[in-house]
1. Which of the helices (runs of 4 or more DSSP H) contained wholly in segment 188-292 include at least 1 residues that are in contact (Cβ under 8 Å) with a residue 24 or more places away in the chain, under 30 Å from Thr590 (Cα atoms) and open to solvent by 10 Å² or more (accessible area, probe 1.4 Å)?
2. Quick check: anything in segment 498-507 among the polar types (S, T, N, Q), closer than 16 Å to Lys481 by Cβ and within 31 Å of the chain's Cα centre (by Cα)?
3. Please go through segment 375-399 and pick out each residue that is under 23 Å from Pro315 (Cβ atoms), in a loop (DSSP other than H, G, I, E, B) and touching a helix residue (DSSP H, G or I) at 6+ places or on another chain (Cβ under 9 Å).
4. Could you please give the count of residues in segment 519-543 that are at pLDDT below 90 and within 29 Å of the chain's Cα centre (by Cα)?
5. In segment 444-461, how many residues are open to solvent by 50 Å² or more (accessible area, probe 1.4 Å) and either touching a residue at least 40 places away in the same chain (Cβ under 8 Å) or not in a loop (DSSP other than H, G, I, E, B) (or both)?
6. Please go through (1) at pLDDT below 95; (2) touching a strand residue (DSSP E or B) at 6+ places or on another chain (Cβ under 9 Å); (3) not aliphatic (A, V, I, L, M) for Glu383 and return the number of the only condition it doesn't satisfy.
7. Of everything in segment 373-398, what is charged (D, E, K, R) and either open to solvent by 20 Å² or more (accessible area, probe 1.4 Å) or in contact with a Gly (Cβ under 6 Å, 6 or more places away or on another chain) (or both)? Give them in sequence order.
8. From the list Gly372, Gly407, exactly one residue is more than 30 Å from Ala288 (Cβ to Cβ) and part of a loop (DSSP other than H, G, I, E, B). Which is it?
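The values are calculated or read from the model by the stated rules, or taken from the named source; none is laboratory data. Values in this document were obtained by computation on a predicted structure and should not be read as measured data. As a convention, Cβ positions derive from the backbone with ideal geometry for all residues, glycine included, and neighbour counts pool all protein chains shown. Side chains included, ligands, DNA and RNA excluded: accessible areas come from the protein's heavy atoms. Shrake-Rupley method; radii C 1.70, N 1.55, O 1.52, S 1.80 Å.
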Amino acid sequence: MIDVAAVMAQAPRSVGALFNRRVAASSKELAFKYPEGKGWANLTWGQAKEQVDVIAAGLLSLGLKPEGRVAIASTTRIEWMLLDLAINSAGGATTTIYPNTGPDDFAHIVTHSDSRFFVAENATQLAKLTANPTLAKQVETVILIDGYSTDPRVITWDGLLSAGREKLAKEPACVQAATDATAPGSLATLIYTSGTTGLPKGVELTHGSWVYEGEVLNAMKLIKPGSLQYLWLPLSHVFGKVLICAQLSIGFATAVDGRQDQIVNGLGVTHPDFMCGVPRIFEKVRNAVMTASPKGTLKWRISRWAFSVGYKARPYRLSGKRMPAGLSASYKLANKLVFSKLQARLGGNIDFLVSGSAKLSSQVQEWFYSAGILIVEGYGMTETSAVACVNHPDTPRFGTVGPAIPGTAVKIAEDGEILIKGPGVMRGYHKEPELTAEVLVDGWLHTGDIGQLDRDGYLTITDRKKDLMKTSGGKYVAPQKVENALAANIPYVSQVVAIGDGRKYVSALITLDPVNLEKWARNHKKTDLSYAELSQLPEIRASIDRFLKRANSKLEAWESVKKYAILDHEFSVDEGTTTPSMKVRRSIITKQYADVVDSLYETEAE
């Protein structure tokens with residue numbers, strides 16, 4: 001049993017102080033790896049401290065005040081991590097902006113957050129600011145990581161470092177003084193939740209919340225000190241930020257590279273011990289394996305056999321019981337022929353993977369476990385500083401997001417809504433007292449998610465409260481359950497939107513994964529066709545029809561998908577059908593594709 005009060009009594013007061021404690025304990029140990037040239041560079045904790053202090057001093061020299069907002073629009077990279085640590089060490093607050101955020105949301109976030117500093121990764125991000133005259137008046141200082149600009153407000157990355165060195169030469173203790181003046185209740189991060197409707201809301205997260213998250217995750221012994229993490233997640237997302245704080249508390253190292261098209265290469269070079277991701281990444285890996293060999297070939301048959309063996313072995317491995325001799329021998333052979341190759345693609349050294357941000361299909365989780373790769377699932381929101389519940393790798397329960405972390409309480413309201421209380425819960429929505437009062441009642445955060453707690457306190461998420469559909473026959477359907485079933489059982493699927501509210505039956509809009517579609521085209525000698533043309537082929541539809549039968553077998557009769565439409569393009573941020581974090585905007589999609597949806601109900605399904 002973890003004594004949270006005792007843990008927090010010894011905890012540092014702020015993120016900057018937490019960073020300083022880690023540096024003091026691990027100065028010469030590896031902190032970060034990051035791409036540089038054709039290879040990877042290393043940064044020890046002591047070296048990271050030197051850079052963070054210079055950046056923090058540079059910000060102070062430019063006029064950063066306590067809780068002053070510094071907006072960052074950049075992909076995940078080492079400069080992002082160092083900047084965030086520097087901003088917090090200097091007493092400021094980071095406003096996070098997804099690099100793919102559209103102009104309207106971008107303008108709202110910068111304006112609403114009162115950000116006077118703006119960090120642009122490159123000319124593309126800088127153009128979003130300069131194109132808006134209102135923002136040009138508000139933002140006083142722009143820091144450009146890559147490139148050069150003649151704008152008098154713009155300071156280059158080298159210019160920021162030069163200003164910091166000059167400041168430290170004159171006031172060596174300026175950063176430490178700013179860190180010492182930062183209280184647990186001070187604003188550390190302002191993250192705007194993209195949501196699926198309306199303008200983003202700014203979630204205020206304090207230093208105390210982040211320190212609590214890091215210290216409790218350390219006390220839980222989820223991750224071994226000295227481990228190596230591979231981090232590609234957007235640092236503009238709350239999931240990315242909590243991993244920074246966990247790293248500071250626990251003392252593991254991180255390989256940082258936000259280029260999603262380089263994940264496999266990066267894993268192969270760095271050989272990490274663990275990686276966190278979102279369900280879609282794990283679904284893509286599974287789908288790639290399932291579609292790697294044409295049906296009926298020798299490789300296809302061997303893979304099918306191996307995973308059938310993995311399925312039989314799973315209960316023994318989960319319970320720690322000894323397998324029968326024949327099954328044990330078969331599993332070793334399956335591992336040699338198939339599973340070891342998948343493990344090698346993940347770097348060959350993975351202890352476990354962590355899934356968060358959205359519901360992970362238990363089918364996907366069990367498939368990976370059959371191959372000897374453990375995925376543990378957690379749960380939280382931006383409003384809870386990311387982690388509110390998590391499965392421990394030693395005691396996972398597939399299909400659940402684990403019990404509440406120590407110090408956090410979870411209960412289920414009468415209508416099934418999940419309520420959360422604890423030190424990780426937000427200070428409130430920025431400049432939105434009425435919205436804050438709606439979701440924070442007597443200290444309990446009303447999450448908007450529907451779930452169930454088992455007798456041991458493990459939480460299972462079923463759906464979003466507002467997303468529940470009711471068919472014209474009176475049956476309630478959780479769209480997320482339907483969408484997960486299709487995504488887990490149809491290897492070509494990229495995105496799924498379930499429809500059925502007020503309708504006679506459930507239908508779906510489907511988009512296809514470009515990579516797997518191209519693979520299919522190569523196998524069937526149709527490489528001359530475009531994505532749009534391939535998606536509408538009768539052969540593709542026939543294949544999806546077969547997989548849909550398997551998906552529907554995982555659903556109740558009233559939940560099963562009777563009809564579907566395959567779109568000739570994916571949903572996107574530019575189209576307004578996904579959020580910057582790539583969550584589908586179901587209500588917008590059903591309106592935007594109303595004609596397609598209506599066509600699925602022109603005649604009643606059999």
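1. So the answer is 238-250, 279-290.
2. yes
3. Matches in segment 375-399: Pro396, Phe398, Gly399.
4. Going through segment 519-543 one residue at a time, the tally reaches 2.
5. Qualifying residue count for the region: 5.
6. (1)
7. If the condition is that a residue be charged (D, E, K, R) and either open to solvent by 20 Å² or more (accessible area, probe 1.4 Å) or in contact with a Gly (Cβ under 6 Å, 6 or more places away or on another chain) (or both), then Asp394, Arg397 are the ones that fit.
8. Gly407 is the lone residue from the list that is more than 30 Å from Ala288 (Cβ to Cβ) and part of a loop (DSSP other than H, G, I, E, B).
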